[in-house]
Amino acid sequence: MTHIARRRMLAGVAAGLLTASLGVATGSGAASAESVRPCSVSPLPYPADSYRASADAIAPTGRFIAGSGLRTSGPVNEPLLLLWEGFRLTTVVSPLVETVVDVNNDGVVVGFGWVNGLSQPWRYRDGQVQPLPVPPGSKGTVVTAINTGGDIVGHSNLAATGEFISVIWPAARPGTVEVLDAPAGAMAVGIIDDGTIVGTAGDLGASTGWIRHPDGRLAELTMSDSRSTTVNGAGGHWAIGHVDQGGTNSTKVRWDLRTGVGTALDPRLPWVNDVNAAGVVVGGDRLTRGGGSVLLPGAGDRIGVGAQAIADNGVVVGFRNNAGDVRPIRWIGC
């Protein structure tokens, strides 16, 4: 599944990120003549004492949903890890769980928090939040994805040079972190079940997408006439991202990882947040299976919705933002 790193340190900042960086569309009442996806939307349970909660990731099978929440504990905000199995909610309190990134079919959740001002990756497994090791010389490390086998990828920023490096926490070697052979300045953002890894390398505005095959071969993920490419994540044998080919708007893209060929997606997609094994992409309030896209239900007058992730069975999870009151939701039958 996919991840775009988001900091949720304060409620106002968090709500702003959910609204702006995720491309949430705010409804204006009627849905107009545009088609709305005929699926049902329903709330997910959340802690009664939380003042913000969202569903951020879903396992490929749809069995587990992982999310984040905030509640006030005295004068500070207390981050919450939320894990749903069906509608049964488990709430985990830990100072590390500020950002929830991904969850796999075994219910293992990954994310990152903050320790002494530096990002610290973690894994939730067997009822425990466990800090993950970081590379020597790191001034901040984040995780971005976990696959079915439990391999975790992410990237780290080196204090000495300021350069990014891609890293993996291999399930076969517990308690270790390894630097990936990847392009200079590479940030790994997705890993699929066969070990294929995708990411972005280079400076903002001049970046290049890349793919690392299980045998170690590296190739670019881009499109013709690209000035800059950003890869957001992967699912099934697909990757998603956007390409700057000039002009004011970037082109949202889905790449077939078997061929490396990219296809432009509907420009009305506010963002590309996740893709499932069937190549269905979600982002903002939209879902697309091909060149066009359809609206997901749930928005209204001053009410925005944001699709964060999609399972292989088509279940979509995200949030509803009603004038700053952010709550977790899911769509079924999409």
I'm trying to understand the selection: among the residues of region 312-324, which are touching a residue at least 24 places away in the same chain (Cβ under 8 Å) and within 18 Å of Ser68 (Cα to Cα)? Val316, Val317, Gly318, Phe319, Arg320, Asn321, Gly324
Going residue by residue through region 211-220, is there one that turns out to be of a type outside the set (Asp, Glu) and either within 17 Å of the chain's Cα centre (by Cα) or farther than 20 Å from Val153 by Cα (or both)? no
Among the candidates Gly262, Gly298, Gly304, single out the residue that is farther than 17 Å from Asn232 by Cβ and open to solvent by 10 Å² or more (accessible area, probe 1.4 Å). Gly298
Among Ser156, Ser166, the single one that is open to solvent by less than 20 Å² (accessible area, probe 1.4 Å), touching a Leu at 6+ places or on another chain (Cβ under 6 Å) and within 25 Å of Glu220 (Cα to Cα) is Ser166
If I filter region 35-75 down to residues being more than 15 Å from Trp331 (Cα to Cα) and aromatic (Phe, Trp, Tyr), which single residue comes out as least open to solvent (accessible area, probe 1.4 Å)? Tyr51
Looking only at region 141-153, count how many residues are open to solvent by less than 10 Å² (accessible area, probe 1.4 Å) and either farther than 23 Å from Thr61 by Cα or of a type in the set (Lys, Arg) (or both). 1
Going by the conditions given, is Gly199 within 18 Å of Asp56 (Cα to Cα), assigned to a strand (DSSP E or B) and within 19 Å of the chain's Cα centre (by Cα)? no
What are the residues in region 169-193 that are among the small types (Gly, Ala, Ser) and open to solvent by 50 Å² or more (accessible area, probe 1.4 Å), if any? Ala172, Gly175, Ala184
Scope region 266-279; condition of a type in the set (A, V, I, L, M, F, W, C) and open to solvent by less than 10 Å² (accessible area, probe 1.4 Å); matching residues: Leu269, Val272, Val275
I need the strands (runs of 3 or more DSSP E) fully contained in region 81-129, keeping only those with at least 2 residues that are closer than 17 Å to Pro170 by Cα and under 15 Å from the mean Cα position of the chain (by Cα). 99-103, 109-115
Flagged in region 227-247 as open to solvent by 40 Å² or more (accessible area, probe 1.4 Å), in a loop (DSSP other than H, G, I, E, B) and more than 22 Å from Ala59 (Cβ to Cβ), in numbering order, are Arg227, Gln245, Gly247
Are any residues in region 287-311 farther than 25 Å from Gly107 by Cβ and without any contact (Cβ under 8 Å) to a residue 40 or more places away in the chain, and if so, which ones? Thr288, Arg289, Gly290, Gly291, Gly292, Ser293
When every residue in region 248-257 that is part of a loop (DSSP other than H, G, I, E, B) and modelled with pLDDT under 95 is compared, the one surrounded by the most Cβ atoms within 10 Å (Cβ to Cβ) is Ser250
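Determine whether Ala277 is within 19 Å of the chain's Cα centre (by Cα), in a loop (DSSP other than H, G, I, E, B) and closer than 21 Å to Thr196 by Cα.
Yes, satisfied.
The values are calculated or read from the model by the stated rules, or taken from the named source; none is laboratory data. What you are looking at is a predicted structure, and each value in this text was computed from that prediction instead of being measured. No Cβ is skipped: glycine too gets one built from the backbone with ideal geometry, and neighbour counts run over all protein chains shown. These area figures cover heavy atoms from the full protein model, side chains too; ligands, DNA and RNA do not enter into them. Shrake-Rupley method; radii C 1.70, N 1.55, O 1.52, S 1.80 Å.
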